[in-house]
Amino acid sequence: MADAVAAGPAGADAGFSSDRAHTQARQIGRFKLAVLGPLGLVLAGLLLPVLFLQLYFSFHAYSPYLGSWWDAEFIGIDLFYEVLVDTRFWLSVARSLYFAVGSTIGCFLIGFLLAFLIHRPFFGRGMFYIAFIVPMLTVPIVVAYTAEMLLYQNGPINGIISRLTGTDINVAWLSNADLALTSVMILEIWNWTPFSFIIMLAGLSALPREPVEAAQILGASRWRIFVEIQLPLLRPVIVLALVLRFLEAMAEFPKIWSLFQGGPGSATETIPVLIYLTTWNYFDISRGAAMSYITMMLMVGIVLAAIWLLRRERRAIDHIYASEPSPA
């Protein structure tokens, strides 16, 4: 009888917890449907017609000089094959990867450092926060034209470096093919470091205090606390910041085009620039469409890999929390 009485409240509590979890899951599902449903309809209405038209162009030899697009000759997958064996296309992919990886790493390292330095409250923190955010609020085309004035061979940047070093610095930032893409990368890092800063600041601010306080009581150093506690808990946030920044950097166009239009030579001819040149300068609409689809497939693969990484890191964090002993 005593066992039944003891089991009764426990069973009731378990049933209540199950009902609450079910209700919460149902509410979350409704919220997702309410938010993502209209967004999905809008995207489908806007993107699907464009994607189907682009797919049509990819399988037909169309150019504005050849008459109506509806009467274009069907050529199957020939354009896809031509793009896949085109050295110029793969060189543009390599340049885009170099630019995206370099700018992503630079943005993350600087943004994480700034976030780590100011994530604890102190007097005047808001002023630093505003100062760090300002570059991201600057329009990319403005960044490019301002940089053009600063980076020309006899411009202020070379003058400042010359005064600081005591030597005559005359670097051709904008006309040297070996430096052009790196110059845009530096601008990209300056422009988008605040993005990584905001994400990492949010992640650092959301870290639980209990593991850190327990490690401090046990006498762990700040470096060990950071490496063994804070950094593992930040891994999902770090992966998210890297993935989002990488995807945006792969699509960078305004600064590169306004400064170089793919030059000097083809030094800054990244994927977006090559697609633009092919479609709108050479008016090879079908080839540009095929390039766009192949690029989209590459990006879909990167996104799927990123989702897998995020899920893996999330499972690792859940495992860490599940392995913690529950309070008595």
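The values are calculated or read from the model by the stated rules, or taken from the named source; none is laboratory data. Only a predicted model underlies this, so the values are computations on that prediction, with no experimental measurement involved. Counting neighbours? That spans all protein chains shown, and the Cβs are built from the backbone with ideal geometry, glycine included.
Some observations on this one:
- Any chance Arg287 is at pLDDT below 85, not in a loop (DSSP other than H, G, I, E, B) and not β-branched (Val, Ile, Thr): no
- Filter pass, Ala202 being assigned to a loop (DSSP other than H, G, I, E, B) and of a type outside the set (Lys, Arg): no
- Only a single item in (1) surrounded by fewer than 17 Cβ atoms within 10 Å (Cβ to Cβ); (2) in contact with a helix residue (DSSP H, G or I) (Cβ under 6 Å, 6 or more places away or on another chain); (3) of a type in the set (S, T, N, Q) is not met by Thr87, and it is number (2).
- Wholly enclosed helices (runs of 4 or more DSSP H) of the stretch 47-139 bearing at least 2 residues farther than 30 Å from Ile238 by Cα: 78-84, 87-118
- When the criteria are applied in full, Ser183 fails the requirement of being over 23 Å from Phe132 (Cα atoms), among the hydroxyl-bearing types (Ser, Thr, Tyr) and part of a helix (DSSP H, G or I).
- Residue match in the stretch 171-180 (condition: surrounded by fewer than 19 Cβ atoms within 10 Å (Cβ to Cβ), among the hydrophobic types (A, V, I, L, M, F, W, C) and either touching a Pro at 6+ places or on another chain (Cβ under 8 Å) or in a helix (DSSP H, G or I) (or both)): yes
- Qualifying residue in the stretch 205-215 (condition: crowded, with 19+ Cβ neighbours inside 10 Å, of a type outside the set (Ser, Thr, Tyr) and either under 30 Å from Leu304 (Cα atoms) or without any contact (Cβ under 8 Å) to a residue 12 or more places away in the chain (or both)): no
- If you check Ala267, Ala249 for being of a type in the set (A, V, I, L, M, F, W, C), in contact (Cβ under 8 Å) with a residue 12 or more places away in the chain, in contact with an Asp or Glu (Cβ under 9 Å, 6 or more places away or on another chain) and part of a helix (DSSP H, G or I), only one passes: Ala249.
- Qualifying residue in the stretch 173-184 (condition: farther than 30 Å from Val93 by Cβ and of a type outside the set (Gly, Ala, Ser)): no
- Among the residues of the stretch 108-143, those identified as closer than 25 Å to Ser266 by Cα and either surrounded by 20 or more Cβ atoms within 10 Å (Cβ to Cβ) or over 18 Å from the mean Cα position of the chain (by Cα) (or both) are Ile141, Val142, Val143.
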